[in-house]
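Please treat every number below as a calculation from the coordinates, not as lab data. For clarity, every value in this text was computed on a predicted model and none was experimentally measured. A quick note on method: Cβ atoms are made from the backbone with ideal geometry, for glycine too, and the neighbour counts reach across all protein chains shown.
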Amino acid sequence: MSSAIDTLKRTFSDVWESVETGWQRVRAQAADALTRFRRGTRRTEPAHVQGDLPAPVWGLLASDVIEDDRRVIVRVEVPGMSRDDLDLQVIGDALVVSGEKRYESDDVHGQWRVRQCAYGAFRRMIPLPVPVRADEAKATCRDGVLRVELPKREPGAPRAFRLKVK
Amino acid sequence: MTETRSNVPAETRRDDPVLLPPVDIVEDDTGITVYADLPGVPKDKLAVRVDRESLTIEGEISFGLPEKMDAVLAEVQAPRYRRSFTLSRELDTDKCDAVFKDGVLKLRIPKVEHAKPRRIEVKVG
């Protein structure tokens, strides 16, 4: 009887290990999209909603970086945020996107039943593939997606180097 | 209100992968309010289907990708969002109200009259 339980335990721990490995891999792949939300400078809790559900501190803000021979285009998901909630800077070879997602200051009352959306302030650093002219960059925000177009300092097709494996 | 995982109507079932949008749900005495993050979905590509028993939120992500561009980093893989819920019978699905702004859907579904708590006036005789 006890050996059956041991087998069960071992099986369980094997399963758990593979789940854990899988999770770590997913996490490593999505690490850039996984964004931490801190308490913002403005209201981060709706005033009249009660309940035990904790506010999520991690949000998934997926981003894309694409380029052609003239420009680099960065897209970041920023649901619930508009132009005024966002701040953009080019620092070194990265685009730094900071923002704050606020609860709309409306009259929602009641109890949390499901709570999955992250609110508060965040900062994302998105590496740029080539040097850009930050002063000529253009940014738009539409349907909860930020789009930043940055002209390349030296126009040219995306570079790729083929490496030989010896 | 509970989430439905498997019984997606056959006509909307497709083989392509879907993203599950995160939601907030707040309940009060008079109804529920659902918030769903759907970044990248334009208003005309959002479909909210409500019937007596279920709510399905579906949105197609529109990129407007310029052609001949190479993706250096592409984290957005699935082109659509979909999430379904089974609704409690105390909700009055004929009176839903939806607002969609900056990629966030706000949906208000009121409770039917008899499900709302009533205040009974007590008169002192």
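In sequence order, segment B:41-55 has phi-based couplings of 9, x, 3, 6, 10, 9, 10, 10, 10, 10, 10, 3, 10, 9, 10 Hz under the Karplus curve 6.51 cos²θ - 1.76 cosθ + 1.60, θ = phi - 60°, and Gly or Pro positions carry x.
Between B:K116 and A:S98, the FRET efficiency from the beta-carbon distance, with R0 = 25 Å, is close to 0.05. Nearest 0.05, what FRET efficiency do A:S82 and A:L34 give at R0 = 22 Å with Cβ-Cβ as r? According to the calculation, E is roughly 0.45. 3J(HN,Hα) couplings calculated from phi for segment A:115-132 with the Karplus curve 6.51 cos²θ - 1.76 cosθ + 1.60 (θ = phi - 60°) are, in sequence order, 9, 10, 8, 8, 10, x, 9, 9, 8, 10, 10, 10, x, 9, x, 9, x, 10 Hz; Gly and Pro show x. Note on A:A157 and A:W58: the extension gain reaches 32.1 nm, defined as 0.36 nm multiplied by sequence separation minus the Cα-Cα distance.
If R0 is 30 Å, the Cβ-Cβ spacing of B:V124 and B:D29 corresponds to a FRET efficiency of close to 0.70.
Using amide H atoms built in the peptide plane, which far-off residues or other-chain residues are under 5 Å from A:A62 H to H? Close amide H contacts, sequence-distant or interchain: A:E77. Rounded if a/c is under 1.5, else prolate if a/b beats b/c, else oblate: with a ≥ b ≥ c from the C-alpha gyration tensor eigenvalues square-rooted, which is segment A:42-149? Judged from the Cα gyration tensor, segment A:42-149 comes out prolate (a/c at least 1.5, a/b above b/c). Subtracting the Cα-Cα distance of A:Q111 and A:Q50 from their residue separation scaled by 0.36 nm leaves 21.5 nm. Residue separation of B:R108 and B:T86 scaled by 0.36 nm, minus their Cα-Cα distance, works out to 6.4 nm of gained length.
Around the amide H of B:T4, modelled in the peptide plane, lie the amide H atoms of B:S84, B:F85, B:T86, all under 5 Å away and 5 or more residues distant in sequence or on another chain. Close amide H pairs (under 5 Å, H built 1.01 Å from N) link B:D92 with B:K111, B:V112, residues at least 5 positions away or on another chain.
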